[in-house]
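Here's the structure we're looking at; comments come further down.
None of the figures in this text is laboratory data; all of them are computed from the coordinates on show. The structure presented is a predicted model; accordingly, all values stated were derived computationally and were not measured. Heads up, the Cβs are rebuilt from the backbone with ideal geometry, glycines too, and the neighbour counts pull from every protein chain shown.
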């Protein structure tokens with residue numbers, strides 16, 4: 001699994017030297033995470049928690065690439081060397097002077113296969129050289145360019161294979177104990193004495209759980225927190241509370257853009273083994289569901305069958321697509337609402353997305369509805 005961090009030349013140099021990657025919104029205070037009495041605009045809170053979910057999906061060992069703006073080049077390849085951690089958006093934000101901006105959400109990285117030169121955006125995204133099938137185009141990053149506002153974007157395994165192959169072509173690997181960026185040559189270069197990342201990592205999972213539980217009790221919108229919780233659950237040992245298959249998870253994406261109209265799948269999860277691939281399309285609701293969700297689910301399933309599945313079909317694998325909805329439970333509804341909600345959920349559960357010209361080795365399961373619960377002051381799935 002691979003992720004692309006969007007940086008500029010100044011931040012890229014600091015990322016390389018201190019071996020970390022980060023994102024953040026310099027104009028948004030992070031004090032609300034620790035103090036519920038602090039008022040913050042709902043869009044700013046959603047934006048911040050969305051960034052947290054983006055970095056929370058990253059697992060140690062995942063591949064990390066950088067896209068450097070202005071010069072429009074991709075660089076890499078590194079590996080995630082830690083889970084997500086937090087650095088407050090305040091005057092003590094670590095390395096602010098070198099970065100020129102405050103990055104509050106971070107991971108540590110380590111070198112994997114570090115190439116000296118970058119890959120031009122045209123060669124990565126626009127050129128059709130070597131492209132045999134439409135799904136081989138790097139749609140994740142093209143959609144990201146159209147929509148913007150994502151400092152860390154996940155890419156599919158197929159996209160990573162293509163990008164890494166292009167990055168390796170006519171390039172040189174660098175073997176070094178440290179790295180920096182040469183702005184004049186637009187190259188990564190090795191250095192003997194790299195500075196050390198010395199600040200302690202801060203874990204804010206407990207605070208995020210408390211904020212989610214508080215919003216649930218107060219009846220406020222919390223779908224952005226639910227996305228974070230879903231990603232965290234999928235990364236952990238209890239992922240089968242969501243997924244029907246016990247196969248280890250090979251890919252997790254959140255806010256997966258799936259159209260030029262900026263439609264986004266809340267969470268997409270892939271489990272791959274030798275002959276079988278299970279792809280789960282997960283839609284999140286912080287309230288009960290309605291039948292109006294079915295066309296939306298059908299669209300997502302169709303997109304997965306056309307853009308994600310061909311990569312695995314060419315490997316002669318069987319594919320099962322699992323539409324899943326995570327929503328509030330019937331138990332939390334009143335008597336009248338409970339009966340109506342049960343009827344709606346039965347209609348949704350009976351619905352099967354039917355696609356024309358579907359290959360024989362792709363099957364689509366009925367939509368599953370999973371209810372999150374409020375237990376001991378926490379929302380759990």
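Counting Cα-Cα pairs of the range 193-247 in 5 Å increments starting at 0 gives whole-percent bin shares of 4, 15, 18, 16, 14, 13, 8, 6, 4, 2, 0.
With coordinates expressed along the principal axes, the C-alpha atoms belonging to the range 157-204 extend over 37, 32, 20 Å, beginning with the largest. Residues 217, 364, arranged from fewest to most other Cβ atoms within 10 angstrom of their Cβ, appear as 217, 364. Approximating the spin labels as points 7 Å out from Cα along Cα→Cβ, the residue 263-to-residue 192 distance works out to 5.8 nm. Just so you know, the averaged projected area of the alpha carbon convex hull for the chain sits at 19.9 nm². If you take the alpha carbon atoms of the range 2-191 and fit the smallest convex hull around them, that volume is 120 Å³ per residue. Overall shape of the range 205-380 was characterised from the C-alpha gyration tensor. The equivalent ellipsoid obtained from it has semi-axes of 28, 19, 14 Å, in decreasing order. Subtracting the Cα-Cα distance of residue 380 and residue 129 from 0.36 nm times their residue separation leaves 85.7 nm of extension gain.
Length gained on full extension, residue 343 to residue 112: 77.9 nm, using 0.36 nm per residue less the C-alpha separation. Each helix, a run of at least 4 DSSP H residues, gives -39500 (n - 2.57); summed and divided by the residues of the chain, these come to -8500 deg cm²/dmol at 222 nm.
One chain, two ends: residue 34 and residue 373. Fully extended at 0.36 nm per residue, the span grows by 119.7 nm beyond their Cα-Cα distance. Rounded to the nearest 0.05, what FRET efficiency do residue 199 and residue 350 have when you use their Cβ-Cβ distance and R0 = 41 Å? Here the calculated transfer efficiency is 0.15. Rg over Rh for the range 156-251 works out to 1.14, both radii taken from alpha-carbon positions and Rh defined as the Kirkwood radius. Applying 1/(1 + (r/R0)^6) with R0 = 30 Å to the Cβ-Cβ distance of residue 223 and residue 101 gives a FRET efficiency near 0.60.
Computed from the C-beta positions of residue 60 and residue 366, the FRET efficiency with R₀ = 30 Å rounds to 0.30.
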